[in-house]
Amino acid sequence: MSVVAKNAKGTAMIKHGVTIAGAALAGAVVWGASAAQAKDAVCLTQPLKFAGEEVSGCLSAREAAELADLPVMLGGDENGKGLELTHPTDIREKREVKTCREYRTASGEDWFAMTTYDMTIEGHFQKRCGLLDHVARAQAADRDYLPKKSVTEVDIDGISVSVLLLFDPEGTAGLDREAEQGRTLKDFADQGALEVTGQNAQSLTIDYRSMSGTLQELARGDFTGDGIKDALVTCGVRAQEGSYRVSDLMVLTKLSADGPLQAVADGGS
Ligand SMILES: [Ca+2]
């Protein structure tokens, strides 16, 4: 079996022999192509690095399953260590994971990143492995209202405040209600509650409620199963003062040509 990554034109450019392990896997992730999934349901916005591989272009669920068995590549050091995780009840016991499959198994057994360094490394695993999880679940979209340009370049009067949920970990800002009322980032900016400090094809950076956060687009496909194409983004948020930080993947979508870009539940892990 081989991993085949493609360039933007869909031409195969990398092959790598990989053996797929058995089907018994942790969590709700279903690896391998489902009958409903068309080939190459998800296209990457930016390349993903795994050991010895730079993956770009479009991916099928089967290819995502194969990538789950390759070491996650960190910081350009191909011979680097993996992620050290700590036993859930005995912190003297350590375990190293290198691939997304190993990471999913260990985190499913509640092994955790104990130090700040381990948490930083885990962030790289969460981004890559979370993306592979989403590819495994994605469907081919038959409608697409997303802009041709990156979602991080969308005018802020076209972006719902629902994208700010990670900026409000306590849920005190009533963002759900504000989003239901159609409020946009521009509405908050006009009130002085929010400032966009950077916006380009690679990222959108926002200051809001004593937090600074950055969104980056990773891939496009239908991650919610409604037939409408979505954008998978990573959102990293940190406190402007203090050490609090959080990052997660979010699914953004546009439900109509005129509708706002908004965060939606992806129904997955
Ligand atoms: Ca969708």
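The values are calculated or read from the model by the stated rules, or taken from the named source; none is laboratory data. Keep in mind the model is a prediction, meaning the values are calculated, not measured. When we count neighbours, we look across all protein chains shown, and the Cβ atoms used for this are built from the backbone with ideal geometry, even at glycine.
Tabulated data for the structure shown
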| read-out | value |
| --- | --- |
| Residues located in the stretch 239-263, provided they are of a type outside the set (Asp, Glu), surrounded by fewer than 20 Cβ atoms within 10 Å (Cβ to Cβ) and more than 20 Å from residue 128 (Cα to Cα) | 239, 240, 242, 243, 244, 255, 256, 257, 259, 262 |
| Whichever residue in the stretch 223-255 is of a type in the set (D, E, K, R) and out of contact with any helix residue (DSSP H, G or I) (no Cβ under 8 Å at 6 or more places or on another chain) and, among such residues, is nearest to residue 122 (Cα to Cα) | 245 |
| Residues of the stretch 161-192 classified as within 18 Å of residue 239 (Cβ to Cβ) and surrounded by fewer than 15 Cβ atoms within 10 Å (Cβ to Cβ), total | 4 |
| Hits in the stretch 188-231 - residues which are of a type outside the set (A, V, I, L, M) and within 16 Å of the ligand (Cβ to nearest atom) | 217, 220, 221, 222, 223, 224, 225, 226, 227, 229, 230 |
| The stretch 206-224, residues that are of a type in the set (Ser, Thr, Tyr), within 21 Å of residue 130 (Cβ to Cβ) and assigned to a strand (DSSP E or B) | 214 |
| Check on residue 234, more than 14 Å from the ligand (Cβ to nearest atom), over 28 Å from residue 135 (Cα atoms) and assigned to a strand (DSSP E or B) | no |
| Set 48, 85, 59: member being within 18 Å of the chain's Cα centre (by Cα), assigned by TED's automatic domain parsing to the domain that holds residue 133, hydrophobic (A, V, I, L, M, F, W, C) and modelled with pLDDT of 90 or more | 59 |
| Test: residue in the stretch 160-171 that is assigned to a helix (DSSP H, G or I) and of a type in the set (S, T, N, Q) | yes |
